[in-house]
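Worksheet: one structure, shown below.
Every read-out reported here was derived from the displayed coordinates using simple, explicitly stated rules and does not represent laboratory data. Given the structure is predicted, the values throughout are model-derived calculations rather than measurements.
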Amino acid sequence: MPLQKSITLDNGVILSSAYIVINKLEFNYPSSEVNIVVGIYKDSAAYTANKPEVLYYNHYCSGNNFTTYFAEGVLSLVNNTPLTKGYEWLLTLPIYSGAIVVWENF
């Protein structure tokens, strides 16, 4: 369930249909943290063609957000997976605000 939206990079380049994919989730349960590695591709065609991402970000979720989205009790509920909750949490971040969920490749 990747995300899609227009993103303007720091250098001014606009990705009008940026395709945002979680590439990795790294959990540290003793510290109640998860590192989410996100790849941002030019568009879904670039992702499907196995082109490299334009850039990637590391996002760290901890504290109350970790408890809300990634606690074992939350993930044990039906249809809650680390991946779906990861995308749900990403949508709360300003950079991904207004992104739409894309189901075509998942």
remark   = Note: Ser17 to Asp43 extended length (0.36 nm per residue) minus current alpha-carbon separation gives 8.8 nm
task = Enumerate the amide H contacts of Val54 below 5 Å, restricted to partners 5 or more residues apart or on another chain; note that Pro and chain-start residues carry no placed amide H.
result = Ile40, Tyr41, Lys42
task = Tabulate in residue order the Karplus-calculated ³J(HN,Hα) for the stretch 69-81, using 6.51 cos²θ - 1.76 cosθ + 1.60 with θ = phi - 60°, rounded to whole Hz; enter x for Gly and Pro.
result = 9, 10, 4, 4, x, 6, 5, 7, 6, 4, 6, 9, 10
